[in-house]
1. Among the residues of the stretch A:57-69, is there at least one that is modelled with pLDDT under 90, surrounded by fewer than 22 Cβ atoms within 10 Å (Cβ to Cβ) and outside the structural domain of A:A196 (by TED's automatic domain parsing)?
2. Would you confirm whether any residue within the stretch B:486-496 is over 20 Å from B:E405 (Cβ atoms), of a type in the set (A, V, I, L, M) and at pLDDT 90 or above?
3. Would you confirm whether or not the stretch A:287-304 contains a residue that is assigned to a helix (DSSP H, G or I), more than 10 Å from chain B (Cβ to nearest Cβ) and either out of contact with any helix residue (DSSP H, G or I) (no Cβ under 8 Å at 6 or more places or on another chain) or modelled with pLDDT of 90 or more (or both)?
4. Starting from the stretch A:183-207, take each residue that is in the same structural domain as A:L304 (by TED's automatic domain parsing) and list its partners that are buried (at least 20 other Cβ atoms within 10 Å of the Cβ) and charged (D, E, K, R), counting only C-beta distances under 6 angstrom and pairs at least six apart or across chains.
5. Report, by residue number, each residue of the stretch B:230-285 that is farther than 23 Å from A:S335 by Cβ, away from chain A (no Cβ under 12 Å) and surrounded by 15 or more Cβ atoms within 10 Å (Cβ to Cβ).
6. Kindly check whether there is at least one residue in the stretch B:89-108 that is surrounded by fewer than 19 Cβ atoms within 10 Å (Cβ to Cβ) and in contact with a Gly (Cβ under 6 Å, 6 or more places away or on another chain).
7. Please go through the stretch B:326-353 and give me each residue that is part of a helix (DSSP H, G or I) and either surrounded by fewer than 20 Cβ atoms within 10 Å (Cβ to Cβ) or touching a Phe, Trp or Tyr at 6+ places or on another chain (Cβ under 9 Å) (or both), ordered by number.
8. Out of all the residues in the stretch B:444-458, is one or more surrounded by fewer than 24 Cβ atoms within 10 Å (Cβ to Cβ), modelled with pLDDT under 90 and within 21 Å of B:E382 (Cβ to Cβ)?
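The values are calculated or read from the model by the stated rules, or taken from the named source; none is laboratory data. Owing to the predicted nature of the structure, the values given are computational and were not obtained by experimental measurement. Cβ coordinates were reconstructed from backbone atoms using ideal geometry, including for glycine residues, and neighbour counts include every protein chain displayed.
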Amino acid sequence: MVDLGQAQRSLARALGRARAGEDRELAQRVRENGEALAQMLAGLLKMTRVHAADNRAFDAPVAECARALAALVDLVGAVHLVAVDAQAFVNEMRLRAEGRPGIQELGAELRKHNVGGLVFHGALAPAQVRALVAAFARPAAEPAPRTALRERLQAEGLAVVELQGIFRFRTSEDPETGRVDAAGALERAGALAASAAAALAAGHAFHPLPLRRTVALLLEAGPLSPGLWDAWLTGPARGSHAVTVALHALLLGQAAGLPSAVQQDLGVAALVHDVGYASLGGGAALAGPDGLARHPGEGARVLLRQRGFSDSKLRRLRAVLEHHRGQADPRGAPSALGSILRIAEDYTAFERVHGQRVSRADVLGAMARAAGGEYHPALLQLAVNALGAYPPGTLLELADGRRARSAAPVRGRDTFATPLARLCDAATGVPSGDPLDLATGPAVRRALPG
Amino acid sequence: MPNHTAQQAAPVGSITGSPAALAAAAAIQAVARAARSFVLYDAGNEVIRQLLDGWREKSRAALDAHGELPLEVRPFEIVLRGERVYEDQDREKSMAFKLYRDGVRRLTLQPEAGWDELLELLRIVALRYTVVRQQEEDAVTLLRAARLRGVKLVAVEGLSADEERPEPEAAGEELPAGEKPPEGWDTPLPRLPAPAPLAWRPVAPEALEAIRAEETGAGTARGALALARELLEEAVRGRWPRPYAELVQLFAELRDAFLAEGQLAELRALVEVIGRAGVAEVRDQLLSSLGDARTLDLLLDGLPGEAVDLPPDLLALVPLLGLGAAVDRLAAEQGEARRALLLRLVLARLPREADAVLKRLPALEPGLARALAQGLAARAPERALEVARLLLQQRDTALRAEGLEVLAKAPGEVPVAPVAALLQDPAEAIRLKAAEVLGRRGDETAVQALTAALEGPERSPREAEALGLALAEVAPIPASRLFAGWLNPRGRFLVGLTAQQKRLQWAAVAGLAAVPGAEAERQLQALAAGAPDDLRRHCLAALARRRKGAGRG
């Protein structure tokens, strides 16, 4: 029997909570200024066909373009203006192109120089906008017009403008196979985490949506999936502290059976957990205990700039604030997400600091001994169960003398000590060989540091 | 509440096609209508229930009859296997546009999708209608979080390079120093014991349940309060830049969330968190910014109509009750008990929010203004002069009188000039009160105004008495000299004393009741001996007052 009344009440409640989380004003301002920027820029590029760039006819649109850009920089930090097909986006927000031919034509104007998007790392004075337009007005310099244009912009002192190539939309999954591009998602997570840290350090508000989208995709790929971990092991994301912590945290969140929405919150929190360092300005003064003590609070402070209530925001703030807190801390134990971050953070940090002397397995083993006082005991056991005897990334000496790196989390209790692995170069430890299932392959002689 | 039927919903383009397309179109239109109805109607409206039922029936019918429904989402239309099943060119109304904007490119409804999943899909679409844009989530993140087994999603997840003529990218830019973690970040690491051998061990289900409970349901509210407490401590300890605008904003958001859920206990706990803030300035800033009408309404709704005071467990909420709202409700309230309760609530906010009460005072009906003015003067005596001054500027006689009353009781020196000016007020009650206040609290600088009032236009004997008495009280010696002249004026032949002379004489008699010394008594006796009846009685009354030692009757 369907209870429509109950359905109605639950919908009303969900909508009420969502309304409380809005920041309509900010979104509206970003969209309006984005549309003004795209419209003016497209118009200016088109005008160069009939007027010289120093013509007075440019004065008003140049001023408006500079104004809109300055407003956007103030609101969101670096401004990403991207044109795809007949659509344009500012920082992933689609601009209303209907009835605005300028926005629809922006892509075509940029494409002449093999450009698909512009990143403005700062505001431009009207004279700089004019110089940008004049550079675009020159004939495309074959065979590499974008490279030539970039050089010209740098010569004009416009290094603040970054040129991007031509894009197409990329769907989350291959429509036919439904497979997620795990490597792409990891790479994107790293880039978004870095730009979020930069924006927060510059005093801007936090926009979690792009990060959440990427975390949702990582969850869709599956935190336990060998493909995702293999992409981490063999790709550039392994060098990103934020992504590595996020990946381990998501693994733990999944193992703990957290609801999907909470797992998304955990992933976003993990990607920004150290923004306090960026906001404090880095530098030697923050090395060691002082920075360690101050950055969680500072991180929470800058994340507070995001307006609008949501449970997600609360979970994120608490996790960031408490991510270095032990279970026996006099201020109280951290939240569940904070406890997960603590484990993922310390595990990653130990590996970074002591990885050349201690294997990942020993790091995890030492942390397991500290469960209770430092780490949440149940969560740490979940970490052991999920990461296994040879956590992903562990350098292994195989019984046949070859070396490999563990490449995936535990698949099941019976394969706890026989993970999937990738053969690697004996000298450098870089995984380069074929995947190897150690459940059927050579035995592991020992885990090695490195 | 509008009383429309479910048929009056968003228009869509006309749909024709195969039976599968028609069935899918009916279902899609039903979900679009139901989702949009939350914009038009209160969530509890019967129309919404009808529309929910429509979505349930039509989606079930389409899935049961035609199996999987792969719905391709385009900017303004939705297409099923090449056949258009939904179209709406209105950007504000189009469900397709809202989903497309968020990056949804295909939704495939599976035959096994149950009502719970279909309802969840509706919830997500409804969010996109009613919430313009959230910073936190969109249709894609919500759909992914929902993990609907019966609804498959394909979404745009960013952009990838699509170049016919690839060019090398610019060399990676170095991050500015401020964006890099410092050397040795996240250290020193904790000292750990020697590693334990790693072994798979089961984790107790109840331990996992406890972890999940921390971040969901009631745990969310507990977590919110813990966060509020910790952030406040951190702000004070970490010396965050003041004022704590972002922190105030978060506390306001928490208040709103607790209010929306009717969580008074949590709201009370939030106030307690603020109350424990170590720095008074921080505490005051947070409390003063959190007053809200909805808290008051929620609280009043939960109390019986005859309650004249707050139950002890709700007293903690007083700082959150929204002073302005309480005054508004008080001004409109007819019930005696509720009025008394509201008055107590407002008075409980004094003297902290004296400014806000003062601001509202002139606009209130005299009875309420008087009650609040008395409360203000009693709880914030240092503000009494301001209260009085404000009331004295009002047109309403009762308010001006109340202003004088407050002035009479105000501590410290009373400003004579504004009170003296009221001796010329059109209302006799005010003039009388002004004379009384001047007599009690004035000084010699009031003599001229008092004299001028007596010598001016007509004044009643009662007013003349009050003025005379006030003269004697503020300046007995100069008053005695004046009285001596006024007691025995020289009357005109046949006509006798003028009205003004009689008034001055009357005032002098009243004033002599308060002038010390035998000479005043002798003057009164002498005048009484030869005076007409009314004047004689007036003299005898003054003599009686002197003997009682009280100038005022």
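1. Yes, the stretch A:57-69 contains a residue that is modelled with pLDDT under 90, surrounded by fewer than 22 Cβ atoms within 10 Å (Cβ to Cβ) and outside the structural domain of A:A196 (by TED's automatic domain parsing).
2. no
3. Narrowing the stretch A:287-304 to residues assigned to a helix (DSSP H, G or I): A:289-303.
From what's left, more than 10 Å from chain B (Cβ to nearest Cβ): A:299.
Filter once more, keeping what is either out of contact with any helix residue (DSSP H, G or I) (no Cβ under 8 Å at 6 or more places or on another chain) or modelled with pLDDT of 90 or more (or both): A:299.
Checked against the condition, which is being assigned to a helix (DSSP H, G or I), more than 10 Å from chain B (Cβ to nearest Cβ) and either out of contact with any helix residue (DSSP H, G or I) (no Cβ under 8 Å at 6 or more places or on another chain) or modelled with pLDDT of 90 or more (or both), the stretch A:287-304 yields at least one hit.
4. Going by the 6 Å Cβ cut-off, the qualifying pairs are A:A197/B:E179; A:A198/B:E179; A:A201/B:E179.
5. Selection gives B:L264, B:V282, B:R283, B:Q285.
6. For the stretch B:89-108, residues surrounded by fewer than 19 Cβ atoms within 10 Å (Cβ to Cβ) and in contact with a Gly (Cβ under 6 Å, 6 or more places away or on another chain): absent.
7. Residues of the stretch B:326-353 that are part of a helix (DSSP H, G or I), as a first pass: B:326-332, B:336-348.
Those that are part of a helix (DSSP H, G or I) and either surrounded by fewer than 20 Cβ atoms within 10 Å (Cβ to Cβ) or touching a Phe, Trp or Tyr at 6+ places or on another chain (Cβ under 9 Å) (or both): B:D328, B:A331, B:A332, B:E336, B:A337, B:R338, B:R339, B:A340, B:L343, B:R344, B:L347, B:A348.
8. There is no residue in the stretch B:444-458 that is surrounded by fewer than 24 Cβ atoms within 10 Å (Cβ to Cβ), modelled with pLDDT under 90 and within 21 Å of B:E382 (Cβ to Cβ).
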